[in-house]
Amino acid sequence: MMKKFLYAALALFFCVGLMLGGCEKKSTEDMVHLTISEVTHSVFYAPQYAAIALGYFQEEGLEIELVNGGGADNVMTAVLSGQVEIGFAGPEASIYVYNEGKEDFAQVFAQVTKRDGSFIMARTPNPNFTYEDFEGAHILGGRKGGVPYMTLEYVIKQSDADINAMNLDTSIDFDLMVPSFTAGTGDYVTVFEPVASTLEQEGKAYIVASVGQDSGEIPFTAYFALKSYIQENPEVIQKFTDALYRAQQWVLQADAEEIAEVIAPFFPDNDIDLLTNAIQRYQDIDAWVGEPAMTQDAFERLQDVMQEAGELKQRAPYSEIVNNDFAYHAVE
């Protein structure tokens, strides 16, 4: 128990200023400030918050500011426009940009999650849920072309359900899906933690399935930056990746309550029990990678899912999109 209190104290001490809320630390002149646009704010990204809270980024001379992009397309827009140095979203965003022919495209340099982190929620409990229950139903599935929606579509197609007999709604922006559902739109919605557990606690929706558990492994969330930024700032990217790797290893060895204690300052509206439960769900589906390198097999599997969804005009070369140099060096 003393160790858990120590982790919590470290979290409170080392948290950087967040636009999302959280805690602050004093900046020094030699610190490199990095703004990261994350696709959403979720305990699904526990390694990122642990790296901040445990001081790993700070020890590398990096001051991290997080902003919520509210969707992969918004994250990529922020990276391309120079509003942020690093994006944190699905690798599909980098593939789309590359295929558009942009010379200075975004390269993936570190993977974090290896499964879909969303849970399917219904308005009433259903312990015997199957995807055939989607037939005749209205499902809020996310943005068309985004990995969450494509993975959901992939899972449905792998089941015995008739995808043509359901309404898969892609018209609602990612960050408006939950408010729309709680306001009465749709029969099902896909939700990340800790929002999923919060909705259950409030009796507004109930988890009936894990998309990540049903889909199998897929490179779901990764860090990327403009190729030019990586070339001009290799030391910064290396330090970032080194800190992330330390956090990835810590998260794999810690239990759910220890992780919850450390990242709690990033989720001030949620109690420790709820956060622990949410983290345990991700541990149960083996959501996180232990090393930041993205394998070619994983990358090609992602493109298979994108092709199956009809969203990929041509396959992008792994050697161009993924830069594992920093990940390999981090684990040496």
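What whole-number distance in Å separates the alpha-carbon centres of region 300-315 and region 205-281? Measuring centre to centre over Cα atoms gives 25 Å. Extension gain, THR182 to ARG301: 0.36 nm times the residue separation minus the Cα-Cα distance gives 39.5 nm. Exposure proxy for LYS114, LYS204: other Cβ atoms within 10 Å of each Cβ, ordered fewest to most, give LYS204, LYS114. Its Cα centre serving as origin, the chain has a Cβ charge dipole (Lys and Arg +1, Asp and Glu -1) of approximately 180 debye. The amide H of ALA110, built 1.01 Å from its N in the peptide plane, has TYR223 as neighbours under 5 Å, considering only residues 5 or more places off or on other chains. Rounded to the nearest 20, the size of the Cβ-charge dipole of region 119-215 about its Cα centre is 180 debye, with Lys and Arg at +1 and Asp and Glu at -1. In this structure the amide hydrogen of ALA89, modeled in the peptide plane, comes within under 5 Å of the amide hydrogens of ALA222, PHE224, none closer than 5 places in sequence on its chain. Think of the chain as a dipole: +1 on every Lys or Arg Cβ, -1 on every Asp or Glu Cβ, centred on the Cα centre; then among ALA316, ILE36, MET306, ILE36 lies furthest on the positive end.
Using 0.36 nm times the number of residues separating GLN158 and ASP284, minus their current alpha carbon distance, what extension gain do you get? It would help to have the intermediate numbers written out before the result.
Values: separation 126, 0.36 × 126 = 45.36 nm, distance 2.17 nm.
Gain on extension, GLN158 to ASP284, equals 43.2 nm.
Just for the chain, what percent of DSSP beta bridges are antiparallel, to the closest 5? Percent antiparallel among DSSP bridges in the chain is about 55.
If you count Lys pairs in the chain whose Cα atoms are under 29 Å apart, skipping same-chain pairs closer than 8 places in sequence, the total is 29.
What's the local net charge at TYR206, with K and R +1, D and E -1, over the other residues with C-beta under 13 Å away?
With Lys, Arg at +1 and Asp, Glu at -1, the neighbours total -2.
Could you order the peptides 63-70, 157-164 from most to least packed, using the average number of other C-beta atoms within 10 Å per residue?
Values: 63-70: 20.1, 157-164: 12.1.
For the peptides 63-70, 157-164, the packing ranking is 63-70, 157-164.
Normalising the average separation of contacting C-alpha pairs (under 8 angstrom, six or more residues apart) by the number of residues puts the relative contact order of region 119-215 at 48 percent.
Here the sum of -39500 (n - 2.57) over DSSP H runs of 4 or more residues, divided by the residues of the chain, equals -12000 deg cm²/dmol at 222 nm, to the nearest 500. Listed from fewest to most Cβ neighbours within 10 Å, the set MET31, MET306 follows the order MET31, MET306. The string of couplings for region 311-325 from the Karplus curve (6.51, -1.76, 1.60, θ = phi - 60°) is 9, 10, 6, 8, 6, 8, x, 3, 5, 8, 6, 9, 10, 8, 4 Hz, one whole number per residue in order, with x for Gly and Pro. Kindly list the residues of region 160-179 that lie in the label zone of GLU132, defined by a backbone N under 17 Å from the point 7 Å along the Cα-to-C-beta vector. Only 160-166 pass the distance filter. Amide H to amide H, with H built 1.01 Å from N, ALA137 comes under 5 Å of ASN167, counting only residues 5 or more places away or on other chains.
Only the coordinates and a few stated rules stand behind these numbers; no lab work does. Keep in mind the model is a prediction, meaning the values are calculated, not measured. Heads up, the Cβs are rebuilt from the backbone with ideal geometry, glycines too, and the neighbour counts pull from every protein chain shown.
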